[in-house]
């Protein structure tokens, strides 16, 4: 099977030792599956002679083109440049480190009659154990957080119909680091595009130095994952639960700190600990009003809609908090720390349940 037209591109950072063979192989493979092709190399701010090697190849074959970033923009930035400059009907990308046999592109091409997205996965990955472990954890995280059901998310052997990629690429959040492959696939999956996965061979790197396992690269990937999740791709119930835990945790710290200050520093509250508990909890609860922006408008309807549910939750939680404290401390004569902890935990559970009930009402 042949393609009407094909763009092959490589992100390249300091790949002087590998890029010549990678580009020559790409041109050979592209000509075997399409009469209309181009090979792009995105030189991502390399400090070696990667650009010079590609320029010499381009002089021999005008279908080979060099795109250079003045400064390193990261793996995601290089992929974004490759996708945005792809001019053919199909676009394929791979890494320029020669860890794949580009002749296996024909396996992916065979599936293009039925699928717009054809993904390679490494049958046996030739990488150090730590990278394999990182990759496994990364796949699991993306499956749990986004429901992305793909065998090998970051396998750099992917073929797309170009128009399909350009449907979603402008919505991308992770445009610099390693999260880009996952986000692209998540958005395509959410857009109901079907994937086909094809096993390909993977070989050890023979020259150059990998950058994917650097701590800075891994940290940026997790930052981008959090950014993508907080955007439009995260599950709302998880985001609301995390927000509740953060706000509730801060409220609890304020509550306990004030309770200790009141009971130890003010004689009246030292003798009337239930009043101290009520006062400290009430002040801590004001934090929720600020964090949740309950009062956002001067319009009565908006004020009522935002404040009334929170006031109901607050009053019921105050009652639960002080009642549990009173029963545990005064009636059952349990220790102050135990009673305080029991009241705090019970109130947090009640707060969460009450908030959910009011939202459903």
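Structure values in brief
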quantity	calculated
Residue tally, condition surrounded by 16 or more Cβ atoms within 10 Å (Cβ to Cβ) and either modelled with pLDDT under 90 or closer than 25 Å to residue 352 by Cβ (or both), over the range 241-272	10
Candidates 168, 118, filtered to the one that is surrounded by 21 or more Cβ atoms within 10 Å (Cβ to Cβ) and either closer than 20 Å to residue 37 by Cα or touching a helix residue (DSSP H, G or I) at 6+ places or on another chain (Cβ under 6 Å) (or both)	118
Residue in the range 168-179 that is on the phi > 0 side of the Ramachandran plot and either assigned by TED's automatic domain parsing to the domain that holds residue 21 or assigned to a strand (DSSP E or B) (or both) present	no
Selection from the range 1-14 of residues that are more than 19 Å from residue 109 (Cα to Cα) and assigned to a strand (DSSP E or B)	11, 12
Residue within the range 214-236 that is at pLDDT below 75, part of a helix (DSSP H, G or I) and buried (at least 19 other Cβ atoms within 10 Å of the Cβ) present	no
Test: residue 291 is modelled with pLDDT under 90 and over 18 Å from residue 350 (Cα atoms)	yes
Qualifying position, being in contact with a strand residue (DSSP E or B) (Cβ under 6 Å, 6 or more places away or on another chain) and without any contact (Cβ under 8 Å) to a residue 40 or more places away in the chain, among 86, 51	51
The one condition in (1) in a strand (DSSP E or B); (2) surrounded by 20 or more Cβ atoms within 10 Å (Cβ to Cβ) that residue 199 fails to fulfil	(2)
Checking residue 1 against (1) more than 15 Å from residue 87 (Cβ to Cβ); (2) modelled with pLDDT of 95 or more, the condition it does not meet	(2)
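To keep it simple, each residue is scored yes or no on (1) within 25 Å of the chain's Cα centre (by Cα); (2) surrounded by 20 or more Cβ atoms within 10 Å (Cβ to Cβ).
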site: 31; (1), (2): no, no
site: 36; (1), (2): no, no
site: 63; (1), (2): no, no
site: 71; (1), (2): yes, no
site: 76; (1), (2): yes, yes
site: 89; (1), (2): no, no
site: 94; (1), (2): yes, yes
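The values are calculated or read from the model by the stated rules, or taken from the named source; none is laboratory data. This one's a predicted model, so the numbers in the text were calculated from it and none came from an experiment. FYI the Cβ positions are ideal-geometry reconstructions off the backbone, even for glycines, and counts take in every protein chain you see.
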